[in-house]
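Structure record follows, encoded as structure tokens.
Each value in this text was obtained by applying a stated rule to the coordinates, not by laboratory testing. Being a predicted model, the structure only gives us computed values, none of them experimental. With ideal geometry, Cβ positions are generated from the backbone for all residues, glycine too; neighbour counts draw on all protein chains shown.
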């Protein structure tokens, strides 16, 4: 019985450790993956916009990952260099700069952009997804668009 309990607890801990998405595990939430060559003014602007839209992102269960090819990550140290390179390959981001991808709860790419992001359009795109419509039917918005 002692070993069964230990096995059960270790299973729960490993589930929690994998809650943040890897390139193959976006199923727990929606994600925005933003890639640039270096941390420049455009990356800083995007990070500032993330902070300004935090309520909207949280309400829609959107996690964000900002990565530069020279090693910067936000949040810090989520992935090692090899995992980051694998994500770049899997989402076809080996070339190009300042590219964002919206990934749905099903792990599939829903939207891709380069340049500045129209946050209102992105939120409307998410709100038009079937799973999000079901979420909105259960709970009213607490954020202002």
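Below are the figures for this structure:
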quantity: Packing-based order for 73-84, 99-110, using average beta carbon neighbours within 10 Å, highest first; calculated: 99-110, 73-84
quantity: Base-10 log of normalised Debye intensity for region 21-138 (one unit scatterer per alpha-carbon) at q = 0.09, 0.19 Å⁻¹; calculated: -0.22, -1.03
quantity: Estimated distance in nm for a label pair at residue 113 and residue 94, the labels positioned 7 Å out from Cα along Cα-to-Cβ; calculated: 2.7 nm
quantity: Stokes-Einstein D for region 77-119, Kirkwood Rh over Cα pairs, 20 °C, 1.002 mPa s (µm²/s); calculated: 185 µm²/s
